[in-house]
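Have a look at the structure below before the remarks.
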Amino acid sequence: MTSLTATPAWQALGTHSSSFKPDDFRCSDLFKEDSRFSAFSLRHEELLLDYSKNFCTKETLSLLLNLAQQARVPEAIEAMFTGEEINSTEGRAALHTALRTPAASNQFPEVVATLNRMTDFVHAIHSGEWQGCENHRITDVVNIGIGGSDLGPAMVTEALGAFSNKQVNVHFVSNVDPNHLQLTLSQLSPATTLFIIASKSFRTLETHENAKSARQWFLDAGHDESQIAKHFVAISTNLEAAREFGIDGENMFPMWDWVGGRFSLWSAIGLSIALAIGMKNFQALLAGAHSMDQHFRSAKLEQNMPVLMGLLTVWYTGFFDAHSTAVVPYSHPLKQLPQFLQQLYMESLGKRTTPQGDSIDTNSGEVIWGTEGTNGQHSYFQLLHQGTEFIPVDFIAIAKSSVPNKTEQHKQLLANCLSQSLALMQGKHYSDNESRSSPGNRPSNTLLLAELTPYNLGSLLALYEHKVFVQSVIWGINAFDQYGVELGKELSRSLYGAFENSKQRSELDASSQGLMQQILEWS
Ligand code: F6P
């Protein structure tokens, strides 16, 4: 057992945490100090973090910063940027930051070369130079991938819809449920559709099945194998498997094992994004992320946005029994952000041991959930305000609306966002009947973006990536592997076989047998 909780920094935080627990503690009282907002907010370019509505005083901050020093967070940040094998269980570096380093200073020629190839490809599709097998230009692009090969590209493409250059419509298919692909293909024509098979491993069952079905759909329309090259491209580390699938060598974009799936939207996995918004905007997304990378690497811990946000989460999971964080973007274009963050956080931090296999002795990765505001206010916010769970919230707001001539309506949206964090902090007491009272004292961060641009979105996403890393370093876990998802994958292979094989079926547990029997009868 590796004991984080026995360390002096943790123990000091434990003692300190008791000052936030008495019944008469009011988070809103912390605002009696005039400088609360300026002392507990931080700006990086067009991104402002207000963390003043947290259980956090100057003393808390100093104790949390001691914890970060004790956990050697600065050294870990440097190890990540310099390409040490921080993903020790898989013997790899985690160099997603290299994907967004500007070409002039990028030490990875393969990254620069791949971006150049993407630029040429995007240009060929947008200009109509690249034609389908019947000499039509491509009108629709379908990204087939799942997890990191889907969530990031799908979320960013939607978030930056206002930047679409409208040359192609981009669709995303992830689920092995045939409904997903069928629904998408029902609107498309094979002669004008391009498929991107996005799979780091090129071994993922869902992607493989959907890619096979897409290929069959294309062939069934009267095309032959030789025409596949004009309609299928792949992004993978496993170029051999992509070739076996029938993808032309010319149509393959590489990625590398030092890019984790959930950190890969910056690589060629982002080709769908680039096709949707153009390469210039994709480069701006990378530039925004790079700027956050530099901030993370160079800012002092006390002025370091990812570090502060990560420490606050460690504080709440460790000392206030928080089991989840709600992420609520007050932005319709950002509505897929919580799903993206779910994978980023929960695949990275959903672990109970160190890389050496020793148990950690505190709560780690919390549940991440949420939907866009204001919609969430009319569903689960009741629980945030009056429920028994202690759930910190990240509010995300955009100062300037992307919809022209709608500034008044946009103000309504922002007023709702600000009012929710205020209500959560202040609460309201009714002396006649406690069931009407909201206790308040519910912490939140607000992240305010000047505008939802590719650059600012890049910064926001890199901020969350680095926040996750900070938490992993403090908890002593490896954020970059995901052995837990393997078991389900293995079992699904053997259960698939049992549908056809009665002997295999009879060896299953009673529940699986019973369900499978009923499926066979009903199907
Ligand atoms: O769900 C597990 C996982 O391995 C994720 O980490 C990954 O993003 C996803 O599957 C897809 O993997 P691939 O890109 O190799 O198809």
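Please specify each residue of region 357-369 satisfying the condition of being away from the ligand (no atom under 16 Å from the Cβ) and in contact with a Ser or Thr (Cβ under 8 Å, 6 or more places away or on another chain).
Initially, region 357-369 is screened for residues away from the ligand (no atom under 16 Å from the Cβ), giving 357-364, 366-367, 369.
If the condition is that a residue be away from the ligand (no atom under 16 Å from the Cβ) and in contact with a Ser or Thr (Cβ under 8 Å, 6 or more places away or on another chain), then ASP358, SER359, ILE360, ASP361, THR362, ASN363, SER364, GLU366, VAL367, TRP369 are the ones that fit.
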Does SER419 satisfy the condition of being among the small types (Gly, Ala, Ser), open to solvent by 30 Å² or more (accessible area, probe 1.4 Å), more than 29 Å from GLY260 (Cβ to Cβ) and not in a helix (DSSP H, G or I)? no
Sole residue being touching a helix residue (DSSP H, G or I) at 6+ places or on another chain (Cβ under 7 Å), within 21 Å of TRP258 (Cβ to Cβ) and in contact (Cβ under 8 Å) with a residue 12 or more places away in the chain, chosen from ALA76, ALA93, ALA71: ALA76
So which residues in region 24-68 are among the polar types (S, T, N, Q) and without any contact (Cβ under 8 Å) to a residue 24 or more places away in the chain? SER35, SER38, SER41, SER52, SER62
Selected residue (only one of LEU384, LEU413 is under 28 Å from SER438 (Cβ atoms), touching a Leu at 6+ places or on another chain (Cβ under 7 Å) and more than 16 Å from the ligand (Cβ to nearest atom)): LEU384
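With respect to SER201, is the statement that it is modelled with pLDDT under 95 and within 24 Å of PRO254 (Cβ to Cβ) true?
Working: modelled with pLDDT under 95: yes; within 24 Å of PRO254 (Cβ to Cβ): yes.
Judged against the criteria, SER201 is a match.
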Scope region 53-77; condition surrounded by fewer than 20 Cβ atoms within 10 Å (Cβ to Cβ) and charged (D, E, K, R); matching residues: LYS58, GLU59, ARG72, GLU75
Of all residues in region 142-153 being within 19 Å of SER213 (Cβ to Cβ) and among the hydrophobic types (A, V, I, L, M, F, W, C), the one that is farthest from the ligand (Cβ to nearest atom): VAL142
For region 256-290, the count of residues that are farther than 18 Å from GLU158 by Cβ and open to solvent by 10 Å² or more (accessible area, probe 1.4 Å) equals 10
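Could you tell me which residue of region 448-468 is surrounded by the most Cβ atoms within 10 Å (Cβ to Cβ), considering only residues that are under 19 Å from VAL307 (Cα atoms) and touching a Phe, Trp or Tyr at 6+ places or on another chain (Cβ under 7 Å)? Walk me through it before giving the result.
Residues of region 448-468 under 19 Å from VAL307 (Cα atoms): 448-449, 456-468.
Filter once more, keeping what is touching a Phe, Trp or Tyr at 6+ places or on another chain (Cβ under 7 Å): 465-466, 468.
Numbers: GLU465: 25, HIS466: 25, VAL468: 27.
Residue satisfying both the conditions and the ranking: VAL468.
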Only residues in region 191-214 that are of a type in the set (S, T, N, Q) count as the first member; pair them with residues that are part of a strand (DSSP E or B), Cβ under 6 angstrom, at least 6 apart or cross-chain, and list the lot. THR193/ASP140; SER199/SER236; THR207/ILE144; ASN210/ILE144; ASN210/VAL173
Restricting to region 469-519, give me the number of residues that are within 16 Å of the ligand (Cβ to nearest atom) and exposed (fewer than 15 other Cβ atoms within 10 Å of the Cβ). 11
Tally, over region 1-52, of residues that are open to solvent by 30 Å² or more (accessible area, probe 1.4 Å), among the acidic types (Asp, Glu) and in contact with a helix residue (DSSP H, G or I) (Cβ under 9 Å, 6 or more places away or on another chain): 3
Considering only strands (runs of 3 or more DSSP E) fully contained in region 299-414, which possess at least 3 residues that are under 27 Å from THR453 (Cα atoms) and open to solvent by less than 50 Å² (accessible area, probe 1.4 Å)? 324-330, 393-400
So, of the residues in region 309-343 that are in contact with a strand residue (DSSP E or B) (Cβ under 8 Å, 6 or more places away or on another chain) and among the aliphatic types (A, V, I, L, M), which turns out to be nearest to the ligand (Cβ to nearest atom)? LEU341
Of (1) open to solvent by 60 Å² or more (accessible area, probe 1.4 Å); (2) under 23 Å from the mean Cα position of the chain (by Cα), GLU110 fails just (2)
May I ask you to verify whether ILE273 is away from the ligand (no atom under 13 Å from the Cβ), assigned to a helix (DSSP H, G or I) and of a type in the set (Val, Ile, Thr)? yes
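The values are calculated or read from the model by the stated rules, or taken from the named source; none is laboratory data. Predicted model, so just to flag it, every value in this text is computed and none were measured. Note that we place each Cβ from the backbone using ideal geometry, even for glycine, and neighbour counts take in every protein chain shown. Areas reflect the complete protein model, heavy atoms only, side chains present, ligands, DNA and RNA absent. Shrake-Rupley method; radii C 1.70, N 1.55, O 1.52, S 1.80 Å.
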